[in-house]
Amino acid sequence: MRIKVVRVKEALTPSGLPDIDWALNPYVGCSHACTYCYGRTYARDEEVASSWGEVVAVKENIVSLLRYEVRRKKLGVVGVGTVTDAYQPIELDYELTKNSLKILLGSGFSVSIQTKSDLVLRDKELLSKYKSRVDVGVTITTMNSDIAKFLEPNAPSPKARARVLEQLSSLGISTWVFLGPIVPGYTDDLKGIREVIEVAANTRSALYYDKLRVKDFMLKPEHPLYHAAKKALRYRWGDLFKIITDLCRRYGVRCSLGLDYSESGSGEAKSVVRLDEFAKK
């Protein structure tokens, strides 16, 4: 993986999500190299977008910008890692996420974190201190380690992600599972879905689910999800979603469709429900 250092003009950017006021992304790109990741379609850095998973840009001045912005921008909910994983491995060296959280939480902002990484546990004391203004979501597409390795080559194992939920939930931090995208032929089997729902139930986490949203890069024959993407275009998602809803009810898990997509052509993801209404316990 190649790391490049860049400077940016803003730390907090307005969010189009109804439950998120601001977005904070300390890095551009992600070394987890997930085969389905939509983030590449939003990366303005062409090198990062074209070599997804191989190049990550570090926003070296984001913390200093944030110190300035928190005194001038309206308090609200900050989505941390909306188009990158803020806890990918380079965070160990740069600590941009950790230092940004200290500033945000110390200044009265709320934060909503989504990650696949158990590195978030490094900051559990900080998150616990401000738990009334924190929620943490962990993406778990499957508990099958072999399938996860194929879909998310460099991400922590499903078991490691489940431990994140266990530990943070035990501290009284609001947690949620993102079961998505559901990939036809890989993660749409009922046994696998049930295993993820069981993790949510055992950790008192809410659950959001979503289908594979087919993007142009998936429809190239050489892409590993080419056949899954073609199948997703004609999949009977409503039937599967009903089964998921029924399973969640059976396990006592609060669940909902996690994303809705604008028909305007912008491709902007929009949450169906507010985290503070749905995921908080």
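Below are the figures for this structure:
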{"quantity": "Interchain or long-range residues, amide H under 5 Å from Lys4's placed H", "calculated": "Val56, Ala57, Val58"}
{"quantity": "With every protein chain in place, region 74-140: carbon and sulfur % of accessible area (1.4 Å)", "calculated": "48 percent"}
{"quantity": "Computed accessible area, Ile113, all protein chains, 1.4 angstrom probe, square angstrom", "calculated": "0 Å²"}
{"quantity": "Å² of accessible area per residue within region 148-201, as computed with a 1.4 Å probe and no ligands counted", "calculated": "35 Å²"}
{"quantity": "Separation of alpha-carbon centers, region 103-140 and region 4-37, rounded to whole Å", "calculated": "16 Å"}
{"quantity": "5 Å binning of all Cα-Cα separations within region 87-140, expressed as whole percents from 0 upward", "calculated": "4, 19, 34, 26, 14, 3, 0"}
{"quantity": "Size descriptor, Kirkwood hydrodynamic radius, that averages inverse alpha-carbon separations across region 156-221, Å", "calculated": "13.1 Å"}
{"quantity": "Solvent-accessible surface ranking, highest first, for Glu222, Glu198 at 1.4 angstrom", "calculated": "Glu222, Glu198"}
{"quantity": "Cys with no candidate disulfide partner in the chain (beta-carbon separation under 4.7 Å rule)", "calculated": "Cys30"}
{"quantity": "Most to least accessible of Met143, Met1, Met218 (protein chains only, probe 1.4 Å)", "calculated": "Met1, Met143, Met218"}
{"quantity": "Stokes-Einstein diffusion coefficient of the chain, Kirkwood radius over Cα pairs, 25 °C, 0.890 mPa s, in µm²/s", "calculated": "129 µm²/s"}
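The values are calculated or read from the model by the stated rules, or taken from the named source; none is laboratory data. Every value quoted in this text rests on a predicted model; they were computed, and no experiment measured them. Here the Cβ is made from the backbone with ideal geometry for all residues, glycine too, and neighbour counts use every protein chain on show. Quick note on the areas: whole protein, heavy atoms, side chains included, nothing else; ligands and nucleic acids left out. Shrake-Rupley method; radii C 1.70, N 1.55, O 1.52, S 1.80 Å.
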